[in-house]
1. Considering 40, 89, 77, which residue is surrounded by 10 or more Cβ atoms within 10 Å (Cβ to Cβ) and at pLDDT 75 or above?
2. Would you point out which residue out of 72, 10 is at pLDDT 85 or above, part of a helix (DSSP H, G or I) and closer than 30 Å to residue 89 by Cβ?
């Protein structure tokens, strides 16, 4: 299933059972956990101890680290060139 399908299911559950909309909190939590377990089973994710999610990684994690590192350096370069008072600027809020 695609990410859009999972998002639509989460929204459906939230509209039907969310406590802010008059639903029971326990039913909402149980439904969301069941949905996450179905998603994990479909994606091949294992649940470890203490409810932590363990994902089996492959060589793709090296590519993810490379992209993340490059994105971090680009973000740093952009922040360096923003005017001092702009939100997101490295020096924002400093006098």
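1. Exactly one of 40, 89, 77 is surrounded by 10 or more Cβ atoms within 10 Å (Cβ to Cβ) and at pLDDT 75 or above, namely 40.
2. 72
The values are calculated or read from the model by the stated rules, or taken from the named source; none is laboratory data. All values reported here derive from a predicted model rather than from experimental measurement. Glycine gets a Cβ as well: all are built from the backbone with ideal geometry, and neighbour counts include every protein chain shown.
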